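As structure tokens, the structure follows; a few thoughts come after it.
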Amino acid sequence: MSRRVWTGVVLAAGLMAAAVGYGYSRPGATATLLSRHSMPAMQAPAREVAITPEGKLFHDPSCPYIHGKPEMVSAQEAARRGYTPCPRCLGKYLRR
Ligand SMILES: [Zn+2]
């Protein structure tokens, strides 16, 4: 019984150490990632994407389905604002 509890403590400490180590390796990203548990699982492209005020999708800048004047933001920023990847040009980033 006590052995099982001890194992749990060791596991929890190990997970916390791993989380801290991850934070150190990516300065500035930790707080954002930790507050993102409610976001849909999505793999975002690591580059700028085009969004429009009218739309709810973010696009590759070369996508022909962009309507209106595109604004260039990072994919992370687009996701934070509630945009989702365009299924036509960024469908590979949609996890269904
Ligand atoms: Zn598109």
Quiz item: Where a ≥ b ≥ c are the square roots of the eigenvalues of the C-alpha gyration tensor, would you call the stretch 48-93 rounded, which needs a/c under 1.5, or, failing that, prolate if a/b is larger than b/c, or oblate?
Solution: rounded
Quiz prompt | Å² per residue, accessible surface of the stretch 48-93 at 1.4 Å | solution = 58 Å²
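The values are calculated or read from the model by the stated rules, or taken from the named source; none is laboratory data. Treat the numbers as computed from the prediction; the structure is a model and nothing was measured. Ligands, DNA and RNA are stripped out before the accessible areas are found, and what is left, the full protein with its side chains, is counted by its heavy atoms. Shrake-Rupley method; radii C 1.70, N 1.55, O 1.52, S 1.80 Å.
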